[in-house]
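Peer 1: Encoded as structure tokens, here's the structure I'll be asking about.
The values are calculated or read from the model by the stated rules, or taken from the named source; none is laboratory data. Computed from a predicted model, the values in this text were never measured in an experiment. Because the Cβ atoms are built from the backbone with ideal geometry, glycine has one as well, and the counts that use them run over all protein chains shown.
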Amino acid sequence: MKILLLTLVLVFIPLFTLADQGDTEVVNVSLELKGGAFFPALPNWTKFYGRRHMPAYGGALAYKILRQIEVGIEGTYSNANGNGQALLHGNQPALASRVSFELLPLDVFVLARGIFDEDQLLVPYLGGGWTRVFYREEISGQGQGKVQGSTNGYHARGGVQLLLDRLDPDSAKNFKHDFNVRHTYFFVETKYTRAFANTEPSGSVNLGGGSYLGGLRFEF
């Protein structure tokens, strides 16, 4: 994890010296609302739950250290329901009339944005950090209860942000006046999470996977 964060910082050090220093506007806090699809790394997921992915929704709050570097926290939630078998109840899946699976990853991240000007239309970014994954799989109908817990891991992400202010300047000006939102972005993002948990009696399983998300970013 330390190597990952150090690499991100070193890769983007040149951005600090190239950034435009003439803009005195300070935008320190950002809020993101996002949604999309999460593709679990658990084996045989499609067999047990009927589809390859499950919906994911969440939000992030971040603070800019520099124009190009910010730190923040993020939470997302995913759930799936199936019938027939439970995934975390051993190598031989338990029969169940109904099974539900929930994931709640909480991320602490560092993000590096390739931005040189506050009016830049497209802003690419990379990031990563520490993840704590909370999970629960619950069986109904067979009296077998549930498997739940939490585990540590890490994640990496990347994407691109589209500045909406330039597409509708009048609305952006009103939004800033009414809600103090200085910039609004639409973004698309991909994220990979890796987090192993020792679930009994299944043993070690990777509760991470890949996410494809989109949403809105508001800078205050």
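Peer 1: Considering (1) in contact with a Phe, Trp or Tyr (Cβ under 6 Å, 6 or more places away or on another chain); (2) part of a strand (DSSP E or B); (3) without any contact (Cβ under 8 Å) to a residue 60 or more places away in the chain, say which one S211 fails and leave the rest.
Peer 2: Among (1) in contact with a Phe, Trp or Tyr (Cβ under 6 Å, 6 or more places away or on another chain); (2) part of a strand (DSSP E or B); (3) without any contact (Cβ under 8 Å) to a residue 60 or more places away in the chain, the lone unmet condition for S211 is (3).
Peer 1: Can we say R113 is under 16 Å from G208 (Cβ atoms) and modelled with pLDDT of 95 or more?
Peer 2: So R113 fails the test.
Peer 1: Then there's this: Please go through region 197-220 and give me each residue that is touching a Gly at 6+ places or on another chain (Cβ under 8 Å), under 22 Å from V108 (Cβ atoms) and surrounded by 16 or more Cβ atoms within 10 Å (Cβ to Cβ), ordered by number.
Peer 2: Once the filter is applied, which keeps residues that are touching a Gly at 6+ places or on another chain (Cβ under 8 Å), under 22 Å from V108 (Cβ atoms) and surrounded by 16 or more Cβ atoms within 10 Å (Cβ to Cβ), region 197-220 yields A197, L207, G208, S211, L213, G215.
Peer 1: Let me ask another. Only one of these conditions is not met by N174: (1) within 29 Å of A37 (Cα to Cα); (2) surrounded by fewer than 17 Cβ atoms within 10 Å (Cβ to Cβ). Which number is it?
Peer 2: Against the list (1) within 29 Å of A37 (Cα to Cα); (2) surrounded by fewer than 17 Cβ atoms within 10 Å (Cβ to Cβ), N174 comes up short only on (1).
Peer 1: Also: Residues in region 158-170: is at least one part of a helix (DSSP H, G or I) and either surrounded by fewer than 19 Cβ atoms within 10 Å (Cβ to Cβ) or free of Cβ contacts under 8 Å to residues at least 12 places away in the same chain (or both)?
Peer 2: The answer is yes; a qualifying residue exists.
Peer 1: Further, regarding this structure: Quick one: count up the residues across region 116-146 that are in contact (Cβ under 8 Å) with a residue 60 or more places away in the chain and either farther than 26 Å from L31 by Cα or in a loop (DSSP other than H, G, I, E, B) (or both).
Peer 2: So the answer is 3.
Peer 1: So, in region 173-204, exactly how many residues are assigned to a strand (DSSP E or B), in contact with a Ser or Thr (Cβ under 6 Å, 6 or more places away or on another chain) and more than 30 Å from R67 (Cα to Cα)?
Peer 2: Within region 173-204, the subset assigned to a strand (DSSP E or B) is 183-194, 196-199, 203-204.
Right, trim to in contact with a Ser or Thr (Cβ under 6 Å, 6 or more places away or on another chain) and you get 191, 193, 196-198.
Now restrict to residues that are more than 30 Å from R67 (Cα to Cα): 196-198.
So the answer is 3.
Peer 1: Take the conditions surrounded by 13 or more Cβ atoms within 10 Å (Cβ to Cβ) and under 22 Å from F218 (Cα atoms) and apply them to E138. Does it pass?
Peer 2: no
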